[in-house]
Amino acid sequence: MKQNFSVSSSCSELSESLDTATKDEKDKIVRAIDRRLLPLLGLFYFINFLDRGNIGNAKLQGMPEQLSTNSYIKSDEPRNIWVLYYLYYIRGTGQHNVEENEYRPWSFRNDVDLGVTESGYLPGTLFYLTRIYPSDILCLRISYILIITTFSGAVSGPVAYTTSYLEGKGNLHSWQYLFLIEGISTILVSFVSYMLLFDDIGKVQWLSDDQKKLHSKMIASTEEATAEGRRNVQFRDVKAAFLNWKTYAFAIVFFAESVILICISIFVPTIIEGFGFSSLQSQLLSAPPSVVACATLFLAGVLDNRYNCAASLIVVGFVATSIAYALLFLLHSPWALYGALLFCTSGMGLSVPPLVTWAAVSFANPTERAIALALITSIGHTGSVAGAFLFPSTDAPVYYMGKVCNMGLAAMGAIVTLVISFSARREKRLHELNMAA
């Protein structure tokens with residue numbers, strides 16, 4: 001399913017040379033990369049999501065009411081801030097991926113100016129990883145990174161709970177301390193990225209020349225270009241990305257997932273409070289959903305790595321999410337509603353790693369892949385803007401609109417995933433028939 005059949009016939013020659021390398025030699029290279037890269041990218045994404053999610057916690061700490069006391073700031077400012085962030089985020093996504101393909105991968109990581117500079121992180125990371133890892137082991141690595149990311153939700157709640165006791169200290173509100181603590185952490189991590197993130201694996205000191213050559217063959221076996229690759233942007237590659245229907249199909253699925261994930265990331269404390277819990281209880285109870293998501297992220301990575309079942313995992317995840325939102329209408333007990341919310345986050349945990357991996361490896365040409373991933377994430381992240389309007393305070397405490405929209409989007413994501421899967425199977429059969437002929 002993950003194979004792309006536009007890969008040139010030279011890949012068969014590369015496969016023969018790869019067969020002569022022992023599994024231990026290849027595993028040793030992968031482990032060396034894992035040790036140096038996965039914790040680093042996981043830390044970056046952890047900070048990235050910690051920055052995004054603090055708006056929801058700040059809202060419970062009274063930021064809208066305190067901002068509304070100023071005549072020049074409206075009470076819906078948190079939502080507007082979120083929307084502006086993602087508008088700049090969407091705008092910068094395509095530019096970052098084109099630049100990364102032509103210049104240096106390190107350029108996609110700079111968190112100091114949120115929105116513009118963070119815009120290249122997701123597509124940039126995906127594109128970067130496709131140049132580092134073979135496609136058959138990529139999903140598990142993405143799962144590892146996302147597992148670290150989920151701890152941002154587990155950490156943000158307790159941090160917000162702690163800063164609530166700083167209210168009024170130093171003439172600052174508790175939510176201002178929350179922004180200060182997480183903002184300073186982001187700036188410090190940006191310096192770490194500059195020192196430790198490598199641009200070209202062919203220039204690192206911790207792999208021998210033979211290991212670098214073997215790694216180049218491992219990557220080239222799944223691409224049209226070699227690991228060195230051509231970096232010049234060709235118009236035909238840009239055109240191919242724009243005209244490929246899979247670009248827009250994946251974008252639709254990514255849109256559905258973005259809306260649901262953003263609602264979970266931003267509004268979980270608000271949703272939990274709507275179940276009947278207090279504000280402080282809601283801050284603490286916002287952590288377990290992230291822990292549940294962490295477990296299912298790992299499960300998704302292991303299953304896809306072993307059985308190559310990306311489409312099945314995505315569909316199951318979306319269906320579980322849709323059922324969970326339906327249960328939020330049917331149940332009434334606060335703890336039963338909370339259990340349904342945990343079921344929702346587990347569904348999203350199952351679908352995220354295979355979706356981003358499947359999209360990343362569905363375009364063999366590196367330049368076409370960079371453009372396609374930029375388009376997919378740009379279109380998909382418009383869902384993050386839409387999601388900001390789905391849980392207005394006027395709908396409290398039930399939030400019918402947000403729940404209905406998320407339930408419908410989850411169903412839509414499952415249907416479009418099935419369409420992509422059936423098309424991939426058909427393409428595979430045609431390829432096998434052509435090879436047999």
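The values are calculated or read from the model by the stated rules, or taken from the named source; none is laboratory data. Here the structure is a predicted model, which means the values were calculated and not measured. Glycine gets a Cβ as well: all are built from the backbone with ideal geometry, and neighbour counts include every protein chain shown.
Filtering the range 169-222 to residues that are of a type in the set (D, E, K, R) and touching a Pro at 6+ places or on another chain (Cβ under 9 Å) leaves D199, D200.
If the condition is being within 17 Å of F318 (Cβ to Cβ) and touching a Phe, Trp or Tyr at 6+ places or on another chain (Cβ under 9 Å), then the range 290-304 contributes V292, L297, D304.
If you check A396, A436, A424, which single one turns out to be at pLDDT below 90 and out of contact with any helix residue (DSSP H, G or I) (no Cβ under 9 Å at 6 or more places or on another chain)? Show your work before the answer.
Working: A396 fails: out of contact with any helix residue (DSSP H, G or I) (no Cβ under 9 Å at 6 or more places or on another chain); A424 fails: out of contact with any helix residue (DSSP H, G or I) (no Cβ under 9 Å at 6 or more places or on another chain).
Result: A436 is the single residue among A396, A436, A424 that is at pLDDT below 90 and out of contact with any helix residue (DSSP H, G or I) (no Cβ under 9 Å at 6 or more places or on another chain).
Of all residues in the range 149-161, at least one satisfies being within 16 Å of A300 (Cβ to Cβ) and out of contact with any strand residue (DSSP E or B) (no Cβ under 7 Å at 6 or more places or on another chain). Please go through (1) within 24 Å of A256 (Cβ to Cβ); (2) modelled with pLDDT of 90 or more for A336 and return the number of the only condition it doesn't satisfy. Only one criterion in (1) within 24 Å of A256 (Cβ to Cβ); (2) modelled with pLDDT of 90 or more is unmet by A336, namely (1). Candidates F391, F363, F343: the one that is of a type in the set (F, W, Y), within 23 Å of F329 (Cα to Cα) and under 21 Å from the mean Cα position of the chain (by Cα) is F343. Figure legend. Inter-residue proximity from the range 355-366: first residues touching a residue at least 60 places away in the same chain (Cβ under 8 Å), second residues outside any helix (DSSP H, G or I) and surrounded by 24 or more Cβ atoms within 10 Å (Cβ to Cβ), beta-carbon distance below 8 Å, spacing 6+ or different chains. Indicated pairs: A364/E223; N365/E223; P366/E223.
Being among the hydrophobic types (A, V, I, L, M, F, W, C) and surrounded by 19 or more Cβ atoms within 10 Å (Cβ to Cβ) is the requirement here; does L330 meet it?
Numbers: among the hydrophobic types (A, V, I, L, M, F, W, C): yes; surrounded by 19 or more Cβ atoms within 10 Å (Cβ to Cβ): no.
No, not satisfied.
Quick check: anything in the range 349-370 among the polar types (S, T, N, Q) and touching a Pro at 6+ places or on another chain (Cβ under 8 Å)?
Taking the range 349-370 and keeping what is among the polar types (S, T, N, Q), we get 351, 357, 362, 365, 367.
Remaining after also requiring touching a Pro at 6+ places or on another chain (Cβ under 8 Å): none.
Within the range 349-370, not a single residue is among the polar types (S, T, N, Q) and touching a Pro at 6+ places or on another chain (Cβ under 8 Å).
For the range 366-379, filtered to residues that are hydroxyl-bearing (S, T, Y) and either crowded, with 24+ Cβ neighbours inside 10 Å or not in a helix (DSSP H, G or I) (or both), the residue that is nearest to the chain's Cα centre (by Cα) is T377.
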